[in-house]
Amino acid sequence: LLSSAELLHDAVENAPAVAAIELDAQLVLDLDFLSYVDEVRLFYRINNDPNWTMVPMMDMGGNDYHATIPGQPVGTVIAYYMGLADNFQQISGVLPIGAAQPDPNLPNFILVGYTLEATEDGDNFSELGNWQTGLPADNAVTGQWTYAFPVGSFSTPGDPATVVQPYFQHTQNGEFCYVTANANGEQAPIGDDDVDGGTTTFQSAVLDLTAYDNPTFSYWRWYTNNAGANPNADWWQVAISNDGTTWVPVENTTTTDRSWRRMAFRVQDYVTPNATVQIRFNASDSIRIGQDLDGGSLIEAAVDDIQLWDEMEENSIAENEQDLGLRVYPDPAMDMLNVRVDLDAVRTVEVRVLDLAGRTVDRPSTANTIGQERMTVDLSAYSAGSYILQVITDRGRDELRFSVVR
């Protein structure tokens with residue numbers, strides 16, 4: 001009944017330990033169908049627990065919905081997605097798309113109480129050693145992994161809605177990432193230098209994780225296999241090993257997503273962290289000799305912003321709560337709030353505005369703020385009242401109360 005429903009939500013990627021996590025979504029649905037809505041639901045799970053917890057989201061009016069995930073201990077990874085239940089309890093409008101399928105797309109992930117330790121972004125940070133693009137055992141004849149400025153391919157050249165291979169990387173203000181080769185140009189037909197005839201591997205160096213309490217990886221990936229004559233028949237696979245011989249699956253899916261999607265996982269949930277940990281990414285084109293449409297999937301993949309995190313030490317949590325030198329002015333403010341904050345040497349930054357009940361009312365853009373001391377928050381749509389501004393980075397967090405007058 002609600003197949004045209006859409007949920008809008010800004011994914012939360014990091015959260016402090018113990019504090020409740022507030023999530024908001026907006027429902028986009030034709031008025032004629034609102035009577036068929038039973039409820040908007042949040043589904044979440046903790047670490048490697050296979051079971052999802054369902055929480056009904058509170059209707060805040062105006063098609064806005066709100067839910068809270070209880071505070072979690074330091075070093076927790078939360079996976080979550082949202083969906084809309086109709087009067088017959090059928091779920092539609094799942095966000096991220098496909099997250100509730102039997103072979104699911106990636107959900108959103110929240111790292112609780114973590115600090116960033118190392119990054120490989122293909123641009124400014126290469127702190128995880130040398131990465132190998134291609135192994136001797138690989139047998140793909142085209143579309144091998146490479147480090148490059150991504151060149152997109154499109155079903156209809158020039159139409160972003162028909163993109164197959166990404167035409168942009170993920171790093172803020174970056175240029176390069178790791179891709180399964182590049183098309184010869186954005187006017188080239190889809191399938192130009194895609195993965196054909198086997199598998200291609202992108203693999204890390206040997207990583208010594210013995211110094212970390214709870215090493216956790218996140219990465220952003222792009223994967224498509226639903227174009228071509230035999231769509232949805234090939235695998236995207238990510239695996240981890242602590243001996244270079246036995247590889248444990250982290251991702252193993254045939255579900256496509258033509259966008260940058262973030263995965264996060266604790267190493268301990270797959271292998272025992274030691275001095276010889278490696279991760280690898282495989283994109284493959286099946287070779288099914290003698291079968292109809294043999295090798296007919298069109299495979300494109302990309303990886304960017306691979307990051308190693310570790311849980312924040314208990315005795316450093318309080319120290320990191322108030323260490324960013326946050327200042328706001330004027331206070332009270334009318335249409336614009338000026339923010340001064342020390343963002344030197346940070347790698348991630350998130351800004352939230354909360355009401356006094358702790359609900360998130362805004363997530364101002366943080367584009368081009370890393371390394372800056374000043375930013376502004378547009379208050380033109382705010383009602384008069386008191387609010388809390390939070391700035392959350394990998395180096396710490398800070399918050400201040402301010403007022404809006406009309």
Which residues, counting only those in the range 84-110, are in contact with a Phe, Trp or Tyr (Cβ under 7 Å, 6 or more places away or on another chain) and small (Gly, Ala, Ser)? ALA99, ALA100
Hits in the range 214-243 - residues which are modelled with pLDDT under 95 and either farther than 18 Å from ASP196 by Cα or part of a loop (DSSP other than H, G, I, E, B) (or both): ALA229, ASN230, PRO231, ASN232, ALA233, ASP234, TRP235
Candidates VAL361, VAL339, VAL346 - the one that is of a type in the set (Val, Ile, Thr), within 23 Å of ALA15 (Cα to Cα) and more than 22 Å from the chain's Cα centre (by Cα): VAL339
Residue that is surrounded by the most Cβ atoms within 10 Å (Cβ to Cβ) [pool: residues in the range 342-364 that are part of a loop (DSSP other than H, G, I, E, B) and in contact (Cβ under 8 Å) with a residue 40 or more places away in the chain]: LEU343
Which one is nearest to PRO189 (Cα to Cα), of the residues in the range 130-158 that are among the β-branched types (Val, Ile, Thr) and in contact (Cβ under 8 Å) with a residue 40 or more places away in the chain? THR142
Being within 20 Å of the chain's Cα centre (by Cα), outside any loop (DSSP other than H, G, I, E, B) and under 30 Å from ILE78 (Cα atoms), is that true of even one residue in the range 184-202? yes
Of the residues in the range 289-322, those that are more than 24 Å from the chain's Cα centre (by Cα), at pLDDT 60 or above and either among the aromatic types (Phe, Trp, Tyr) or loosely packed, with under 14 Cβ neighbours inside 10 Å (or both) number 2
Select from the range 1-50 the residues that are of a type in the set (Val, Ile, Thr) and farther than 30 Å from THR115 by Cβ and write down the one among them that is surrounded by the most Cβ atoms within 10 Å (Cβ to Cβ). VAL40
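The values are calculated or read from the model by the stated rules, or taken from the named source; none is laboratory data. Worth saying up front: this structure is predicted, and the values here are computed from it rather than measured. Because the Cβ atoms are built from the backbone with ideal geometry, glycine has one as well, and the counts that use them run over all protein chains shown.
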